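A quick write-up on the structure given underneath.
The values are calculated or read from the model by the stated rules, or taken from the named source; none is laboratory data. Please read these numbers as outputs of a predicted model, since none were measured by experiment. Quick reminder, even Gly has a Cβ in these numbers, built from the backbone with ideal geometry, and neighbours come from all protein chains shown.
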């Protein structure tokens, strides 16, 4: 009889996750398209404004001219080259900074001695805006690869360090006691209890780190580089190529979204035990 | 219900526990003072007492979770080199990121191949009536089911001693009775020595061979429960004993009340 009651309040068309009655959802056949509704609307309005001349090309080029700029740069191979350069800088910086941060987060989370020794120093460094170091970094490393890697590594370091540390410290001590009572200690205890317990927090750190990674890299490339997306945008500015500048900005948005989706996919896969991360669960 | 197997001497494989002059202090507070208790192999002992009397502390010492005590505790099991004690907590303490069967397999410790562990875990899950739930995540189970998984985890290594720290305290009344029956059944089947801390006088009298009342760190009362199993909670001798134990716990010293309508 409860089944009957539930059936009665379910919307007729399957999904019961929305509060909207069926009539209002008419015309939105696919929930997956919903997030793209707003960007597409903005793009359409933008194109219209450019076509009727309300938006001068020197201020903001039309979407179609941005598209043609992209086509031109792809055909010449320039765009792929810049994206590949930026991507490999971002990945290398993330790998270096992230692994140092993860190691120190583990070490300080697991050992009080290590925490007392290092945490104060790290907290002091954390409060320096990493982009404020650009002049010093240029003096140290010039404008070659090392300076960008240094800045990106430093940028991704703190979100990962702090969240790893916090994740380890907040692992349920009752579970740790339970595992110890069953003979788990050392690496086995870490692998079975401490690391999975800290993982949700570590992944939050990774997500923040990816945002900071792009931000730091683009700024660093704008100021001191001879290749990469940031360089492409800055040199386009000098030649008044607003279409290329806008193209670069759009690519940042897409890369940011791609990075975020990657971490979400990792979360869904590795935290499938967590009620909040299952597909269709709370987001 | 009355077809429960009777325990014969040959079946007993539990360990004897000898608690000799055990004391434990936290900072300035003495929780246990010179406690002496001998528990026979396979005996089911309930430890009752008011909150803060030291019963959980005693349990944690016996389970090996606390070694800052004075005195000596000897756990011996005939025919075995080492006696093992397992504890069941008030909370299920299941790993939320491990499946139900992997949680049970944890009870076998880290040094066992996964294949063997899973076979034994499956048997333990069957014994608590959850054999078909092995592949699920713990968070989909009800409170009573989670405690049954915790029981399977505690028993999968076939310990000599099972120490229970109010494991049924957080369950609703019906689930509690079911769990008490399950506990009694597995205890009769497995023959381990059981030590149960509880606030619930009826639970103590339903399950235990012997009830020990701890007061201010010392044993104030120690008696055997003479009723045959399975016990009827509403029988006159049971209720009479229940009221006397409750009176001793609460210091009311009332004789069984003469009810007047």
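Here are the numbers for the structure shown:
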quantity: One residue from B:105, B:98 being within 13 Å of chain A (Cβ to nearest Cβ), assigned to a loop (DSSP other than H, G, I, E, B) and touching a residue at least 24 places away in the same chain (Cβ under 8 Å); calculated: B:98
quantity: Residue match in the stretch B:81-91 (condition: outside any loop (DSSP other than H, G, I, E, B) and away from every other protein chain (no Cβ under 12 Å)); calculated: no
quantity: Residue that is farthest from residue B:156 (Cα to Cα) [pool: residues in the stretch B:114-127 that are modelled with pLDDT of 90 or more and more than 14 Å from chain A (Cβ to nearest Cβ)]; calculated: B:115
quantity: Some residue of the stretch B:63-70 being in the same structural domain as residue B:180 (by TED's automatic domain parsing), over 19 Å from residue A:181 (Cα atoms) and over 21 Å from the mean Cα position of the chain (by Cα); calculated: yes
quantity: Meets criteria (in contact (Cβ under 8 Å) with a residue 12 or more places away in the chain and either at the interface with chain A (Cβ under 10 Å from one of its Cβ atoms) or within 25 Å of residue A:175 (Cα to Cα) (or both)) for residue B:35; calculated: no
quantity: Number of the exception - residue A:180 against (1) away from every other protein chain (no Cβ under 11 Å); (2) under 18 Å from residue B:104 (Cβ atoms); calculated: (1)
quantity: The stretch A:136-181: number of residues that are out of contact with any helix residue (DSSP H, G or I) (no Cβ under 9 Å at 6 or more places or on another chain) and either at pLDDT 85 or above or in a helix (DSSP H, G or I) (or both); calculated: 6
quantity: Residue in the stretch A:183-226 that is surrounded by the fewest Cβ atoms within 10 Å (Cβ to Cβ), counting only those that are within 14 Å of chain B (Cβ to nearest Cβ) and under 16 Å from the mean Cα position of the chain (by Cα); calculated: A:200
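Per-residue answers, yes or no, for (1) in contact with a helix residue (DSSP H, G or I) (Cβ under 7 Å, 6 or more places away or on another chain); (2) closer than 27 Å to residue B:199 by Cα; (3) crowded, with 19+ Cβ neighbours inside 10 Å:
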| position | (1), (2), (3) |
| --- | --- |
| B:85 | yes, yes, yes |
| B:94 | yes, yes, yes |
| B:117 | yes, no, yes |
| B:122 | yes, no, no |
| B:126 | no, no, no |
| B:131 | yes, no, no |
| B:154 | no, yes, yes |
| B:165 | yes, yes, yes |
| B:168 | yes, yes, yes |
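Matching residues to (1) under 23 Å from residue A:215 (Cβ atoms); (2) touching a helix residue (DSSP H, G or I) at 6+ places or on another chain (Cβ under 9 Å):
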{"position": "A:41", "(1), (2)": "no, no"}
{"position": "A:67", "(1), (2)": "no, yes"}
{"position": "A:77", "(1), (2)": "no, no"}
{"position": "A:86", "(1), (2)": "yes, yes"}
{"position": "A:90", "(1), (2)": "yes, yes"}
{"position": "A:94", "(1), (2)": "yes, yes"}
{"position": "A:98", "(1), (2)": "yes, yes"}
{"position": "A:109", "(1), (2)": "no, yes"}
{"position": "A:113", "(1), (2)": "no, no"}
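So that you can scan it fast, the table gives a plain yes or no per residue for (1) at negative phi; (2) more than 11 Å from chain A (Cβ to nearest Cβ); (3) touching a strand residue (DSSP E or B) at 6+ places or on another chain (Cβ under 9 Å); (4) in contact (Cβ under 8 Å) with a residue 24 or more places away in the chain:
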residue	(1), (2), (3), (4)
B:66	yes, no, yes, yes
B:70	yes, yes, yes, yes
B:135	yes, yes, no, yes
B:149	yes, yes, no, yes
